[in-house]
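Here is the structure we will look at.
The values are calculated or read from the model by the stated rules, or taken from the named source; none is laboratory data. Just so you know, these numbers come straight off a predicted model, no measurement behind them. We place every Cβ from the backbone using ideal geometry, glycine too, and count neighbours over all the protein chains shown. SASA here: full protein model, heavy atoms, side chains in, ligands and nucleic acids out. Shrake-Rupley method; radii C 1.70, N 1.55, O 1.52, S 1.80 Å.
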Amino acid sequence: MKKLIAFALASILTLGLTACGGGASSTGSSAAASTAASASTAASAADSTDASATSGESATPTLDAIKEKGTFTLMTATGFPPFEYLGADGQPAGVDIDVGQLVADELGVEYEVLDMDFGLLIEALKSGKGDMIGAGMTVTDERAQQVDFTVTYATAGQVLLLPADSTITSAEELKSGDCTVTVQANTTGDIYVQDTLGISSPLQFKNAVECAAALAAGKADAAVIDSVAANTIVKNYEGELKVLDEMVTEENYALAIAKGQEDLVEFVNQVIEKNIENGTIDKLLEEHTALSSEG
Ligand code: ARG
């Protein structure tokens, strides 16, 4: 930390008063261009009456197939507390993991969780490696062309996570060429930084936890990550990191299901709605925020 302050001071002296030191080198590769993150409304539930019922075919082919298989598989990307993180036992835990369990329970089947890089989730879903993505995934138009989203179960926005002694007060200040900004690869934060702030090569990491670690190690001037994750992670860096209140985007989280599985979307929507109404989702958020910032 001392070294960082000395370094920052030296940079201010040599470069003049800029928000960022300009010393941390950016090595991240740039993500493929993608459309700006616009929170669109979640896909509406499919009508439960199905014409095929009259033709003798099952109205719930996906649900039937899952029951037949006997296992419901959730795909996630840990390192994003409180939605998904590695628990004390080294296994994925978090709000999304528990919501997946609720779905499996309602289906009456076994439950399995696959943990992978966030950027691989949509392709994995499309190729049938799992039944659903639960990864604090923001609904965007671009993603909605590839997968179907359930109703929204949480809202968030991008915020700035900064070293505690940072003088940065707004996202706009990151546009200065001297700033090294770290993001979670292939996320809406990554898209915001590249497309809206025009920073072509942010320092990309696999997840929010790694972004925070890089920031604390003095490798970057700011991280742009989801508010809920930032507010949870910052508790493990007391005195070292801080979160700026300003939310620079508004985002809706939903679960993602492969196209053409309307019966599963409808089923999961009912599970979500029920558990929002009875307060379970709020309770899980609270519980996992406390658990994931314990150590
Ligand atoms: N909400 C952001 C997005 O959809 C970030 C999600 C990151 N999730 C994770 N499990 N690592 O792009």
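Details
- For segment 123-169, applying the loop criterion from DSSP together with a ceiling of 16 other beta carbons within 10 Å to the trypsin sites (Lys or Arg not before Pro) yields Lys129.
- Those GluC sites (Glu not before Pro) in segment 241-295 that DSSP places in a loop and that have at most 15 other beta carbons within 10 Å: Glu246, Glu250, Glu294
- About the centre of its Cα atoms, segment 82-178 shows a dipole size close to 220 debye [charges on the beta carbon of Lys, Arg (+1) and Asp, Glu (-1) only; nearest 20 debye].
- By definition, a body whose alpha carbon gyration tensor gives a ≥ b ≥ c is oblate when a/c is 1.5 or more and a/b is not larger than b/c, and segment 190-295 fits this oblate description.
- Note on segment 133-219: percent of Cα-Cα distances in each 10 Å bin, starting at 0 and stopping at the bin with the largest distance, equals 14, 46, 29, 10, 0.
- Centroid-to-centroid separation of segment 262-295 and segment 98-159 [C-alpha atoms, Å]: 13 Å
- Cross-linked pairs Lys175/Lys242; Lys69/Lys126; Lys175/Lys206; Lys126/Lys242: Cα-Cα separations exceed 28 Å for Lys126/Lys242.
- Within segment 52-127, GluC sites (Glu not before Pro) in DSSP loop having at most 14 other beta-carbon neighbours inside 10 Å: Glu57
- Residue-normalised accessible area of segment 177-256, expressed per residue, 1.4 Å probe, Å²: 36 Å²
- For segment 286-293, Karplus couplings with θ = phi - 60° (6.51, -1.76, 1.60), whole Hz, Gly/Pro x: 5, 4, 6, 5, 5, 5, 7, 10
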